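The values are calculated or read from the model by the stated rules, or taken from the named source; none is laboratory data. Predicted, not measured: the structure shown is a model, and the values here were computed from it. Virtual Cβ from ideal backbone geometry, glycine too; neighbours counted across all protein chains shown. Calculation scope for accessible area: heavy atoms of the full protein, side chains included, ligands and nucleic acids excluded. Shrake-Rupley method; radii C 1.70, N 1.55, O 1.52, S 1.80 Å.
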Amino acid sequence: MAHRAPEPAAPGRTPARHHPGPAHSAPPTPPYAARPPNPDPHLPQRPGPGVRETPPGYVPLPAVPKTRSPVPWLASVHGTPGRGAYGDAGYRGNCSGLLIKDLLLYYRPKRVFDPMTGGGTCRDVCRELKIACDSRDVRSGFDAADPPAYRGLGAFDFVWLHPPYWRMIRWSDDPRCLANAPTLADFLDRLGAVFRNCRGVLSPSGVLAVLMGDLRHEGRYQALPFHTFAVAEAAGLELAAPEIVRFSHGTTSAAEKEYPVAIIPRVHDVCLVLRRRDGTRAGR
Ligand SMILES: C[S@@+](CC[C@H](N)C(=O)[O-])C[C@H]1O[C@@H](n2cnc3c(N)ncnc32)[C@H](O)[C@@H]1O
């Protein structure tokens, strides 16, 4: 859990304000894995001198400034544990509904588009918040990269886009599925088409939030979040908020995985909240 320990009060300063976060951010029994001890007794077991130790499994966040946000715990790191009772938790590649919920509470859209719904996580969050949501997927015949597929959909003020992380998961043999793009360049071409199409149905003051992780292919990190921003920018979109690092809580396979080599494990995805470069700002 992203837990911000209260800062010590320096002389003349008040302690940093602690946002309690939503009720679901404080489960009674922390399910987090404790930080493993360093197996090499000659290497440091604890933070260096002058560094305050934090309980194992906790990541202290810096102080968050007071703003008028209706969702004060929503910051550029999203660490809420769990995924919420949204969508099909068994759908491969599903994401937590908790970041989607916080973004919807922040942006308060009237009409959401969810063109790669998978197990229906976004659809279920919208249902709970009573927001109209149009959810589609290539598995039910909607190709998000195909411009004619968008005819007659109307305008949306929020798009939630959770594409495949290229070839990380294979859902089908359908060549329209972005996971089946034979090369990274093909994947990015098709992702660019998805951005252009979604931008076309995004209202001038709307936002599109895209969630992207990364994978290693043939021994190389593919840098998918960086490429994703580049293709979004080429499609006429720009950042509407800082990129959000979303901790990968709920990824059950991670705790079971073991690598025979040393790596720096990736435990987050990146959410980019984008708006039309030619859009209206509506107070943001
Ligand atoms: C990462 S999963 C989304 C998971 C979802 N957020 C959830 O929580 O279950 C990506 C989805 O994109 C869909 N997809 C891939 N290519 C597509 C395309 N061209 N058009 C529409 N959906 C596509 C896949 O079928 C898959 O369900």
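Within the set of pairs 6+ apart or on separate chains, which have a first residue in the range 194-212 that is more than 15 Å from the ligand (Cβ to nearest atom), a second that is open to solvent by 10 Å² or more (accessible area, probe 1.4 Å) and among the acidic types (Asp, Glu), and C-beta atoms under 8 Å apart?
Within 8 Å, the pairs are LEU202/ASP157; SER203/ASP157; PRO204/ASP278; SER205/ASP157; GLY206/ASP157; VAL207/ASP157.
Just one of the numbered conditions (1) among the basic types (Lys, Arg); (2) assigned to a loop (DSSP other than H, G, I, E, B); (3) touching a residue at least 40 places away in the same chain (Cβ under 8 Å) is not true of ARG246; which one?
(2)
Just one of (1) surrounded by fewer than 21 Cβ atoms within 10 Å (Cβ to Cβ); (2) within 14 Å of the ligand (Cβ to nearest atom); (3) within 25 Å of ARG83 (Cβ to Cβ) trips up PRO242, so point out which.
Unmet for PRO242, out of (1) surrounded by fewer than 21 Cβ atoms within 10 Å (Cβ to Cβ); (2) within 14 Å of the ligand (Cβ to nearest atom); (3) within 25 Å of ARG83 (Cβ to Cβ): (2).
Restricting attention to the range 109-135, and to residues there that are of a type in the set (Lys, Arg) and touching a strand residue (DSSP E or B) at 6+ places or on another chain (Cβ under 9 Å), which single residue is farthest from ALA155 (Cα to Cα)?
Step one: list which residues in the range 109-135 are of a type in the set (Lys, Arg), which gives 110-111, 123, 127, 130.
Retained after the next criterion (residues that are touching a strand residue (DSSP E or B) at 6+ places or on another chain (Cβ under 9 Å)): 110-111, 123, 127.
Values: LYS110: 10, ARG111: 8, ARG123: 17, ARG127: 19 Å.
Across the range 109-135, the extreme among qualifying residues is ARG127.
Considering only the range 69-122, state which residues are outside any strand (DSSP E or B), of a type in the set (D, E, K, R), within 9 Å of the ligand (Cβ to nearest atom) and crowded, with 19+ Cβ neighbours inside 10 Å. Steps first, please.
Start the filter on the range 69-122 by keeping residues that are outside any strand (DSSP E or B), which leaves 69-76, 79-110, 115-122.
If we keep only those that are of a type in the set (D, E, K, R) too, we end up with 83, 88, 92, 101-102, 108, 110.
Among the residues that remain, those that are also within 9 Å of the ligand (Cβ to nearest atom) are: 83, 88, 92.
Hit for the range 69-122 is ARG83, nothing else.
Looking only at residues in the range 123-139 that are farther than 21 Å from ALA193 by Cα and more than 11 Å from the ligand (Cβ to nearest atom), which one is most open to solvent (accessible area, probe 1.4 Å)? Break it down into steps so the answer makes sense when it comes.
So in the range 123-139, the residues farther than 21 Å from ALA193 by Cα come out as 123-133.
Within this subset, residues satisfying the condition of being more than 11 Å from the ligand (Cβ to nearest atom) are 126-133.
Working: CYS126: 1, ARG127: 154, GLU128: 86, LEU129: 47, LYS130: 178, ILE131: 28, ALA132: 56, CYS133: 45 Å².
Top of the filtered list is LYS130.
Within the range 249-284, restricting attention to residues that are in a loop (DSSP other than H, G, I, E, B) and open to solvent by less than 60 Å² (accessible area, probe 1.4 Å), which residue is modelled with the highest pLDDT? Talk me through it step by step, then tell me what you get.
Narrowing the range 249-284 to residues in a loop (DSSP other than H, G, I, E, B): 249-251, 257-267, 277-284.
Filter again for open to solvent by less than 60 Å² (accessible area, probe 1.4 Å), leaving 249-250, 279.
On the way: HIS249: 86, GLY250: 72, GLY279: 90.
The extreme case among them is GLY279.
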